[in-house]
Amino acid sequence: MLVNGKEILIEAKRQNKAIFHFNINNLEWTKYILLECNKLNISVILGVSESAVNYMGGYNTVVNLVKGLIKDLDIKINVILHLDHGKSFESCKNAIDAGFTSVMIDGSLKELEENIRITKQVVEYAHMKEVTVEAELGAMGELKDDQVSFGKLTNVSDCLEFVNKTKIDSLAASVGTVHGKYTKELNIDYNLIKDIADSIDIPLVLHGGSGLSNDILKKCVLSGITKINVNSDLQDAWSKGVRKFLEENKSVIDPRKIILSGINNLTKEIDNKININN
Ligand SMILES: [Zn+2]
């Protein structure tokens with residue numbers, strides 16, 4: 001069932017469990033992420049970036065793809081269809097109008113006042129349609145050409161002001177993780193996670209959940225993280241499978257066989273990640 005995830009995240013926060021957000025790219029990823037999570041009987045957040053929306057054709061295509069798969073594959077779990085890093089009010093509105101059940105407005109690169117203004121505008125529209133809103137404060141570390149530029153960590157008083165003024169449903173705070181698959185050691189500020197989680201009453205989101213061991217992810221959850229975003233680890237797992245298959249099967253031309261050759265790795269990575277809840 002397609003839901004907005006509000007209750008699911010609040011309940012997970014109460015139980016100190018993680019809800020996973022996996023980014024989707026096409027029909028096959030969507031189908032097999034849904035099937036795997038359904039098999040595991042866990043709620044899942046399907047994250048779609050603006051560029052993935054464009055890649056797949058547009059907001060309506062994504063909504064209808066997800067709804068069609070839920071129906072045709074008889075998916076019983078709760079599915080949250082979430083716009084990842086919405087850059088503007090317009091893109092959030094387009095996602096909501098098409099049927100997304102959750103959106104992220106990312107105004108983190110703007111000044112606090114402007115971030116509050118644009119986030120509030122999205123919340124007012126989204127809540128009218130029972131869609132939940134995630135927003136971001138501070139700047140995430142970014143990985144480019146194997147070099148990382150570390151962002152500015154969030155502070156607790158900004159978080160309090162931001163959450164009170166915007167009425168968002170979940171907060172992505174910058175606590176030391178990096179977008180992309182960064183495998184060197186990170187200085188994740190667990191005390192900061194704890195302080196923010198203790199001072200606001202909405203679920204906290206960890207971006208850049210790839211490249212982190214399950215022990216680290218678990219520590220983040222025990223410190224107060226509820227939603228974990230995973231993108232690069234799935235891409236890495238899938239592409240390794242495809243690369244190996246193509247090297248070993250030089251004459252295969254069937255695109256279905258090629259795309260599916262990475263899917264086993266992808267579903268194994270999902271199984272691996274969700275272990276942190278056990
Ligand atoms: Zn992110």
Query raised in the report: Taking segment 202-223 as the region of interest, how many residues are within 13 Å of the ligand (Cβ to nearest atom), of a type in the set (A, V, I, L, M) and within 19 Å of Thr183 (Cα to Cα)?
Result: 1
Query - Residues within segment 155-175 that are in a loop (DSSP other than H, G, I, E, B) and buried (at least 20 other Cβ atoms within 10 Å of the Cβ), tallied - result: 4
Query raised in the report: When you go through Ile105, Ile80, Ile75 one by one, which is the residue that is among the hydrophobic types (A, V, I, L, M, F, W, C), more than 14 Å from the chain's Cα centre (by Cα) and either more than 16 Å from the ligand (Cβ to nearest atom) or buried (at least 17 other Cβ atoms within 10 Å of the Cβ) (or both)?
Result: Ile75
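Name the residue that is farthest from the ligand (Cβ to nearest atom), counting only residues in segment 224-243 that are under 30 Å from Ile258 (Cβ atoms) and among the hydroxyl-bearing types (Ser, Thr, Tyr).
Ranking the qualifying residues of segment 224-243, first place goes to Ser239.
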Query raised in the report: Here are some residues: Ala95, Ala197. Which one is away from the ligand (no atom under 15 Å from the Cβ), crowded, with 23+ Cβ neighbours inside 10 Å and assigned to a helix (DSSP H, G or I)?
Result: Ala95
**Report entry** Pairs, first buried (at least 18 other Cβ atoms within 10 Å of the Cβ) in segment 45-66, second of a type in the set (Gly, Ala, Ser) and assigned to a loop (DSSP other than H, G, I, E, B), C-beta under 8 Å, six or more apart
**Finding:** Ile45/Gly5; Tyr59/Gly99; Val63/Gly99
Query raised in the report: Does Glu130 qualify as being within 12 Å of the ligand (Cβ to nearest atom), surrounded by fewer than 23 Cβ atoms within 10 Å (Cβ to Cβ) and touching a residue at least 12 places away in the same chain (Cβ under 8 Å)?
Result: no
Report summary line: Within segment 213-235, the count of residues that are in contact with a helix residue (DSSP H, G or I) (Cβ under 8 Å, 6 or more places away or on another chain) and not hydroxyl-bearing (Ser, Thr, Tyr) comes to 13
Query raised in the report: Going by the conditions given, is Leu186 away from the ligand (no atom under 13 Å from the Cβ), part of a loop (DSSP other than H, G, I, E, B), at negative phi and in contact (Cβ under 8 Å) with a residue 24 or more places away in the chain?
Result: yes
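Just so you know, all these numbers are worked out from the coordinates, no wet-lab data involved. Not measured: the values here are computed from a predicted model. Positions of Cβ are generated from backbone atoms using ideal geometry, with glycine treated the same way; all protein chains shown enter the neighbour counts.
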